[in-house]
Structures are given as C-alpha cells and as structure tokens.
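The structure appears right after this line, and notes come after that.
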Amino acid sequence: MTRLPAMIRIDDMADPVLTPALVAARQGPDDLPDFPTAAAILDLAMAQTGLTDFGADTGFRERLTVILQSLYEDHGLSRGGRLSIVAQAIRVMANRLRIEDLVRRHPEITDVPVERPIFIAGLPRSGTTHLVNWLSRDDRLNSLTLWEAEEPVPAAPVAPGETDPRILRSAGVWAAFGAMLPHMSAMHEMAANDIHEDNELMFMDLNCYNWEFQARLPRWIDHYLAHDRTESYAYEKKVLQVIAWHRGGQPGQPGRRRWLLKSPQHMENLSAIRAVFPDATMVITHRDPVNVLRSLTTMLGYSDRIRRESIDPPALARLWADRIERLLRACVAQRKSWGPAQSLDVPFHDYMADQQGMARRIYALAGLDLPAETEARLTSYLSENPRHAHGKVHYDLEGVFGMDEAALRQRFAFYYDRFPVRQEN
C-alpha cells in the first residue's frame with residue numbers, strides 16, 4: 001500500500017514565528033560594513049586572498065555597482081539579509097582572483113576542452129534539479145557539486161586523505177540553513193555534495209540571477225536583461241576548465257568527461273550559450289508557469305523569514321510573475337537558436353509519465369549510448385529519491401499571495417501557444 005506524503009501547510013508566511021536563530025540571521029554578522037561600495041568589496045576580496053588581478057573587465061565592476069545600488073534600494077531587507085549578499089559578493093570576487101591567479105600560473109588550463117556539454121534549461125521548479133541529479137549518476141559525465149560551484153579553487157592545497165575545507169564550509173552553511181527552515185527540504189534540499197546549477201559559475205562574472213532570489217532587485221533585473229550575457233558564459237567556460245583541470249584534465253581522466261549542466265537561467269540565454277558552446281546539446285523542460293509560481297513563491301516567501309524584516313507575499317508574487325514572464329518571452333524569442341539535431345523540448349507531464357523513456361531520448365539526442373548497467377544506476381536514483389519524500393507542501397497562490405490564476409493564464413498565453421505545456425490545477 002502506497003503511503004501518502006505528509007501535507008505541510010506554512011501558516012505564518014506573512015508573519016513568521018521567529019526562532020532565536022532566525023533573529024540572529026536577520027541581524028547578521030558584526031565583521032562586515034553595512035553599506036560597502038563596489039570598491040570596498042573588491043578591496044575586501046583582495047585582502048582575503050592576497051591577490052590583486054581580477055582579469056579583464058567584462059563589465060563585472062559596473063554590474064557590482066548596479067547590484068549594490070539595487071540592494072540598498074530594497075528597504076524591506078534586514079541587516080543580515082543585506083549582508084548575506086555583500087558576503088556573497090566578496091566570496092565570488094575572491095573566487096575570481098584565485099581563478100585568474102591559477103590560470104596565469106597554469107595557462108594550459110585554457111586548453112582543457114569543454115566538448116559537447118549537455119545543458120538542461122527550464123523554469124525554476126520544473127523538474128530540472130530532479131533530471132540533472134539522476135542523469136549525473138552516469139560516471140561518464142562531469143557534474144557540478146554545490147561545494148565546487150561555491151569555491152572552484154581551493155584557498156590552499158589539501159593534504160592527501162584530508163577532507164577539503166570547501167566541503168566542510170558548504171556543509172556547515174547549508175546545515176544551519178536547513179535547521180532554520182525545516183520545511184525547505186520538502187521544496188528544495190541543499191547539501192554540499194548535491195549536484196548544483198552551473199549558473200553559480202556566472203557569479204564570478206557577477207551575472208548570475210541568483211541575487212534575485214534573495215532580495216527585490218528591479219534595477220538589477222532591468223540592467224541584466226538589457227545587456228548581452230555572452231561574455232559571462234565565456235567566463236563560465238573558463239571556470240569549467242579550471243574545475244576540470246583540478247579533477248585531471250588529461251585524456252582518460254575525469255576532467256575530460258562531457259559536462260552535464262543545468263540552470264533555469266539558461267532558458268533566457270539560449271543564444272549566448274549557442275555562441276559559446278556551439279556543439280552542446282540543449283534540453284529544455286517546460287511546465288505550467290502558474291504552477292511554477294505556486295511553488296516558487298511559497299519557497300521564496302518561506303525563506304524570506306531569514307532575510308526580511310517585513311514580508312509581503314503579494315508583492316513577492318507580483319515581482320516573480322513579472323520575472324517569469326520576461327524569462328519566458330526571452331525563451332520564446334531565442335528558441336530558434338537551437339535546431340532539432342541538438343535540442344529537445346521536454347514537457348513536464350511527459351517527463352513525469354515516462355522518466356526512463358525521456359532519459360533514452362536525451363541520450364539519443366546527445367549521441368550517448370545507454371548500457372544496461374548505466375541505466376540501472378540512473379533508475380536507482382528514482383527509487384532512492386521518491387517525490388515528496390520529505391512531505392508535500394500546500395501551495396495557495398490566490399489566498400496567500402493574492403494572485404488571480406485565470407489572469408495569469410491569459411498573461412502566459414504566448415508561452416502555452418508556443419510549447420505543449422499542460423495546465424495544472
């Protein structure tokens with residue numbers, strides 16, 4: 001007899017019950033300046049690493065200025081919420097310094113091939129994480145772990161037999177996050193060794209849209225969408241080469257395997273990816289954007305209790321309805337960048353109905369064989385990680401977030417008309 005998942009209702013979305021840990025998170029650390037300038041953040045990254053060369057300016061300094069301006073305009077953020085983004089900016093700029101230093105000392109890194117990568121794109125909450133995690137069990141592919149994405153270059157050599165401090169740092173951060181938000185595991189669990197989104201690598205060029213999940217940044221969103229992102233994908237390729245080099249980038253070694261990558265951000269950057277990775281395979285998942293908003297707003301609204309003094313669920317939903325529409329319009333406009341020989345549209349309902357069959361289609365498109373032992377490793381993930389294993393969250397887009405679902409469906413008609421997306425009740 002199949003056991004039904006436990007139903008989780010988050011009843012304090014707008015006025016959360018605050019634990020001591022949440023109060024401390026809202027206050028933030030004492031060792032960071034409250035409103036640093038872009039120059040101050042770069043100075044802190046240089047002081048942290050002892051390095052000074054950020055490499056060619058691909059516009060990242062301007063982007064940092066715009067991000068901070070937009071961040072300081074978000075008056076609903078707590079001090080801790082603001083400083084978490086400041087700390088993130090320092091971290092990724094320190095990463096960039098270490099990347100540039102490593103490549104200067106080992107120029108052969110830029111010769112490490114990134115051949116025929118497999119990209120998975122799709123809306124947040126549309127099955128991309130599930131898809132990349134089980135395909136990553138194919139050990140012929142390179143996948144990106146969360147801890148590597150957060151710190152691609154170690155700050156110091158790791159002695160043989162010792163656990164990489166980057167893993168320990170990542171594990172500590174996400175354990176604390178999960179303890180403060182116990183229902184997050186039912187929506188999107190985060191762990192250091194999990195397979196992660198490669199858009200994190202675009203942080204090193206300050207063009208990652210993850211900032212948007214942590215604050216209300218309309219100025220930044222406008223700037224991001226108004227500028228070409230091709231250079232930032234070229235920088236992502238450089239970081240992939242660095243990671244592959246660390247894994248062993250010689251023929252027959254793990255670094256030479258094909259990359260399996262995924263991010264919702266790719267959905268609005270199809271043309272840029274095509275320019276930088278012309279031999280890639282592009283897989284795009286499609287799910288009803290109204291259902292995506294149900295899930296996404298609940299996840300972000302729930303996590304806002306860590307970083308916001310005042311929580312306004314309807315304002316959050318309006319912001320993300322706008323953002324999802326702009327992402328989908330970019331996808332529709334750029335979809336022609338990829339022809340049928342290298343790309344596949346994956347409707348969510350088809351994927352859920354036959355996950356193994358969809359994997360076979362993806363493998364055929366990518367020109368990969370699928371031996372029985374490899375398929376068995378893949379499908380073992382499905383049995384070991386059933387949906388709703390941590391409970392099923394109740395979503396209420398109309399009641400809690402004040403959105404008119406019928407109006408949203410009219411708004412997204414252009415997307416339903418373009419792709420075979422099944423509307424979900």
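Bear in mind that the values in this text are calculations on the coordinates, not laboratory data. Every value quoted in this text rests on a predicted model; they were computed, and no experiment measured them. Positions of Cβ are backbone-derived with ideal geometry, glycine not excepted, and every protein chain shown enters the neighbour counts.
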Review point. Hey, can you rank 191-203, 280-292, 349-361 by average C-beta count inside 10 Å, highest first?
Key: 280-292, 191-203, 349-361
Point to revise | Interchain or long-range residues, amide H under 5 Å from Thr281's placed H | key: Ile118, Phe119
Review point. Between Ala341 and Glu384, what length in nm is gained on full extension when 0.36 nm per residue of separation is reduced by their alpha carbon distance?
Key: 12.2 nm
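Would you order Lys336, Lys238 from fewest to most other beta-carbon atoms within 10 Å of each residue's own beta-carbon? If you can, show how the numbers build up before the last one.
Working: Lys336 9, Lys238 21.
Sorted ascending by nearby Cβ count, the order is Lys336, Lys238.
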Check your understanding: Given the Cα-Cα distance of Asp228 and Asp139 and 0.36 nm per residue of separation, how much length would full extension add, in nm?
Key -> 28.6 nm
Practice item. Hey, can you grab everything whose amide H is under 5 Å from the amide H of Val346? Only 5+ residues off in sequence or another chain; H modelled, so Pro and N-termini drop out. Key: Ile284, Thr285, His286
Study note, to complete from the structure: Between Asp164 and Ala413, the FRET efficiency computed from the C-beta separation at R0 = 51 Å comes out, to the nearest 0.05, as 0.55
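Below 8 Å, C-alpha to C-alpha, sequence gap of six or more: please give me the relative contact order for the chain in percent. Display every interim value, and only then the final one.
On the way: 600 pairs, mean separation 110.1, N = 425.
Averaging sequence separation for qualifying contacts and normalising by length gives 26 percent for the chain.
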**Study point:** ³J(HN,Hα) computed for each position of the range 134-151 - Karplus, 6.51 cos²θ - 1.76 cosθ + 1.60, integer Hz, glycine/proline x
**Key:** 7, 5, 5, 6, 6, 6, 8, 10, 8, 10, 9, 7, 4, 5, 5, 5, 6, 9
Check your understanding: Label Arg105 and Glu398 with points 7 Å out from Cα along Cα→Cβ: what is the distance between them in nm?
Key -> 6.1
Exercise for review: Please list the radius of gyration and Dmax for the chain, considering alpha-carbon atoms only, with Å as the unit.
Suggested key: 21.1, 62
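Would you please put 121-130, 46-55 in order of how densely packed they are, using the mean number of other Cβ atoms within 10 angstrom per residue and starting with the highest? The partial results should precede the final answer.
Details: 121-130: 23.6, 46-55: 14.3.
For the peptides 121-130, 46-55, the packing ranking is 121-130, 46-55.
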Exercise for review: Let me know the number of lysine pairs in the chain closer than 23 Å at the Cα, not counting same-chain pairs under 8 apart.
Suggested key: 4
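Give the percent of DSSP beta bridges with both residues in the chain that are antiparallel, rounded to the nearest 5.
Details: 2 of 20 bridges.
Percent antiparallel among DSSP bridges in the chain is about 10.
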Check your understanding: In terms of modelled amide H atoms, which long-range or inter-chain residues lie less than 5 Å from the amide H of Ser78?
Key -> Arg308, Glu309
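Rounded to the nearest 0.05, what FRET efficiency do Glu62 and Ala372 give with R0 = 60 Å and r taken as the Cβ-Cβ distance? Could you check? The partial results should precede the final answer.
On the way: r = 52 Å, r/R0 = 0.87.
Once the sixth-power term is evaluated, E becomes 0.70.
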**Study point:** Efficiency of FRET between Glu73 and Ala353 - r from beta-carbon atoms, R0 51 angstrom, step 0.05
**Key:** 0.70
Revision key, fill the gap. Residue by residue through the range 347-357, the couplings from Karplus 6.51 cos²θ - 1.76 cosθ + 1.60 with θ = phi - 60°, in Hz, x for Gly and Pro, are x, 4, 5, 5, 4, 5, 6, 8, 5, 5, x
Revision key, fill the gap. Over the chain, the sum of -39500 (n - 2.57) across DSSP H runs of at least four, divided by residue number and rounded to 500 deg cm²/dmol, gives at 222 nm -15500 deg cm²/dmol
Point to revise | In nm, spacing of pseudo-spin labels at Asp279 and Arg422 (7 Å Cα→C-beta vector) | key: 3.7
